[in-house]
C-alpha cells in the first residue's frame with residue numbers, strides 16, 4: 001500500500017496540538033470535542049478533524065477526544081519519546097540560549113555535546129555539558145553516533161560544515177545560520193530557522209493595520 005503523503009502545514013500544526021493538549025491536561029480537562037478544541041485554538045472543527053484523519057482519526061462519536069490519550073498519540077507521531085541524539089555547534093549567545101532553555105528531552109531529542117571553535121570558551125560548561133573544540137567533532141561522532149545537529153554558526157561556514165557532518169552520519173539539521181542549506185540527499189532533513197522572518201511577518205501585519 002502506498003504511503004500517504006502528509007502536507008507540511010499539517011505536520012507543522014502537530015507540535016501546536018501537542019503543546020496545547022498539554023496545557024489542557026494541566027488544567028485537568030479529560031475530554032474535549034473537536035468544536036471546543038477548535039474554539040480554543042482558533043482553528044475550524046473541520047480542519048482539526050481533517051488533520052487527525054491523516055493519521056487515522058482519534059475521536060469517538062458522541063464523546064470527542066480523550067485529552068491525555070490524544071496527546072500521547074500525537075507525541076508518538078512526533079517521536080517525542082525517541083530521544084534523538086543531538087549535537088550543537090556554535091555556543092555564542094544564541095547557541096547557549098538554545099542549549100540552556102530549549103528542554104530538548106521534552107521534544108524528542110537529547111542534547112549530548114556542544115562544540116565551538118573559540119578557544120576562550122572551550123572547556124567551559126553550558127547546560128551541564130563541556131564545550132569541546134571543533135577538532136574533537138569527528139572523533140566524537142564516530143564514538144557516539146549523534147543523529148542531528150543544531151547549527152548556530154556564521155552563514156559562510158554552514159554549507160561546508162553541514163556536508164562534513166553528513167559524512168559523519170548526521171541526518172538532520174536545525175539550522176540557525178541565516179543560510180538555507182542546500183542538501184541534495186533525500187535521507188537528510190533540514191529545518192532552516194530564520195527568526196527575522198517571523199519578526200518581519202509581525203511588522204507586515206502591524207503596517208497593514210496602520211494602513212487600514
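Structure summary
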read-out: Per residue, the convex hull volume that the Cα atoms of the range 78-139 enclose (Å³); value: 79 Å³
read-out: Space enclosed by the convex hull of the alpha-carbon atoms of the range 84-197, per residue, Å³; value: 105 Å³
read-out: DSSP-defined beta bridges in the chain - what % are antiparallel, rounded to 5; value: 20 percent
read-out: Least to most buried among 182, 96 (fewest other Cβ within 10 Å first); value: 182, 96
read-out: Normalised contact order of the range 22-139, rounded percent, pairs of Cα under 8 Å and 6 or more residues apart; value: 18 percent
read-out: Once the Cα gyration tensor of the chain is diagonalised, semi-axes √(5λ) in Å; value: 36, 21, 18
read-out: Prolate/oblate/rounded call for the range 59-108, Cα gyration tensor, a/c under 1.5 rounded; value: prolate
read-out: Rg and Dmax of the range 135-212, Cα atoms only, in Å; value: 16.7, 59
read-out: Helix 67-78 vs. the chain, principal-axis angle (Cα, 0 to 90°, nearest 10); value: 40 degrees
read-out: Full-stretch length increase - residue 76, residue 8 - with 0.36 nm per residue and alpha-carbon distance subtracted; value: 22.7 nm
read-out: Relative contact order %, the chain, counting alpha carbon pairs below 8 Å whose residues are six or more apart; value: 13 percent
read-out: Nearest-ten-degree value, helix 155-167 long axis tilted from longest Cα axis of the chain; value: 90 degrees
read-out: Relative packing of 87-94, 26-33, 129-136, 165-172, which averages over residues the other C-beta atoms within 10 Å, highest first; value: 87-94, 165-172, 129-136, 26-33
read-out: Three-way shape call for the range 8-78 based on the alpha-carbon gyration tensor, with the a/c threshold at 1.5; value: rounded
read-out: MRE, 222 nm, helices only [DSSP H, n ≥ 4, -39500 (n - 2.57), over the chain, to nearest 500]; value: -14000 deg cm²/dmol
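Values in this text are rule-based calculations from the coordinates and carry no lab data. Note that this is a predicted model, so its numbers are computed, not measured. Counting neighbours? That spans all protein chains shown, and the Cβs are built from the backbone with ideal geometry, glycine included.
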